[in-house]
Amino acid sequence: MKRSDRPSRLETSVRCTAIAVLVAASASVALAQDDAKIKAGLEIWKSSGCADCHGAFADGDKQRDEAPTGANLRTSRLDTATLKQTISCGRPGADMPAFDEGAYQVRACYGKPLGPAPDNLYPAPRTLSPADIDLVIAYLQARIIGRGRITRDECLAYYAGDLDSSCDDIK
Ligand code: HEC
């Protein structure tokens, strides 16, 4: 290699800086996308009746007295695939509704051949698309599962200015 073909030290450092800037920028785009997903998932959580049975903070302290008592999701150990199956297909006979509009009939559940949904499923308050179910899972994994007890900051963030007094007895 001739002396002049070699990149100068300045050129090399400009290149390295450019690469570092690109890497940092794409990392922050990825973070922003994750944030958007988590926020969208929270909106689905709030608008799908999950809190009626599981409680606003998914700790099993249900919000609607007449609803079945949902599991404490903060201590759930389910992996992504099992979360998806549970939310999509529900738990027949155990009061967890199937939220996938195509569960059992269009998309198979629990390894069974396609067919009518079991009749011992608790009726779903609404149905969700598979993409919506992925968003609610992103929210649960980021903010709920394995997070221990709800903190006052998490409570205030959940209500985002409305009903702040609901957080009064949380330390
Ligand atoms: C009508 C009440 C009800 C509604 C509404 C409901 N759930 Fe459930 N859910 C339950 C019950 C009850 C269980 C526990 C079932 C059992 O005993 O196996 C459960 C279990 C689960 C589990 C499994 C937890 C584990 O660790 O085994 C997940 C995940 C879950 N629900 C997520 C959701 C999400 C997300 C929503 C809203 C899209 C939702 N649920 C809405 C009642 C409900």
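What follows is calculated from the coordinates using simple rules that are stated; it is not laboratory data. Given the structure is predicted, the values throughout are model-derived calculations rather than measurements. Note: ideal-geometry Cβ built from the backbone for every residue, glycine included; neighbour counts use all protein chains shown.
Could you go through region 145-160 and let me know if any residue there is surrounded by 11 or more Cβ atoms within 10 Å (Cβ to Cβ), free of Cβ contacts under 8 Å to residues at least 60 places away in the same chain, under 20 Å from Ser48 (Cβ atoms) and of a type in the set (A, V, I, L, M).
The answer is yes, given that some residue of region 145-160 is surrounded by 11 or more Cβ atoms within 10 Å (Cβ to Cβ), free of Cβ contacts under 8 Å to residues at least 60 places away in the same chain, under 20 Å from Ser48 (Cβ atoms) and of a type in the set (A, V, I, L, M).
Among the numbered conditions (1) surrounded by fewer than 17 Cβ atoms within 10 Å (Cβ to Cβ); (2) in contact with a Leu (Cβ under 8 Å, 6 or more places away or on another chain), tell me where Ala30 comes up short.
With respect to (1) surrounded by fewer than 17 Cβ atoms within 10 Å (Cβ to Cβ); (2) in contact with a Leu (Cβ under 8 Å, 6 or more places away or on another chain), Ala30 is out only on (2).
Go through region 76-92 and give me each residue that's within 12 Å of Asp119 (Cα to Cα) and either within 14 Å of the chain's Cα centre (by Cα) or within 6 Å of the ligand (Cβ to nearest atom) (or both).
Scanning region 76-92 gives a single hit, Arg91.
So, in region 58-90, of the ones that are more than 16 Å from Arg143 (Cα to Cα) and free of Cβ contacts under 8 Å to residues at least 12 places away in the same chain, which residue ends up surrounded by the most Cβ atoms within 10 Å (Cβ to Cβ)?
Thr86
Can you tell me which residues in region 97-154 are farther than 17 Å from Thr75 by Cα and in contact with a Lys or Arg (Cβ under 7 Å, 6 or more places away or on another chain)?
Asp100, Ile133, Leu135, Arg152
Quick check on Ala103: is it of a type in the set (A, V, I, L, M), more than 15 Å from the chain's Cα centre (by Cα) and surrounded by fewer than 12 Cβ atoms within 10 Å (Cβ to Cβ)?
No: the conditions fail for Ala103.
Quick check: is even one residue across region 113-123 under 27 Å from Gly148 (Cβ atoms), within 12 Å of the ligand (Cβ to nearest atom) and out of contact with any Gly (no Cβ under 8 Å at 6 or more places or on another chain)?
No, region 113-123 contains no residue that is under 27 Å from Gly148 (Cβ atoms), within 12 Å of the ligand (Cβ to nearest atom) and out of contact with any Gly (no Cβ under 8 Å at 6 or more places or on another chain).
From the list Asp95, Asp35, Asp5, exactly one residue is within 16 Å of the ligand (Cβ to nearest atom) and among the charged types (D, E, K, R). Which is it?
Exactly one residue qualifies, and that residue is Asp95.
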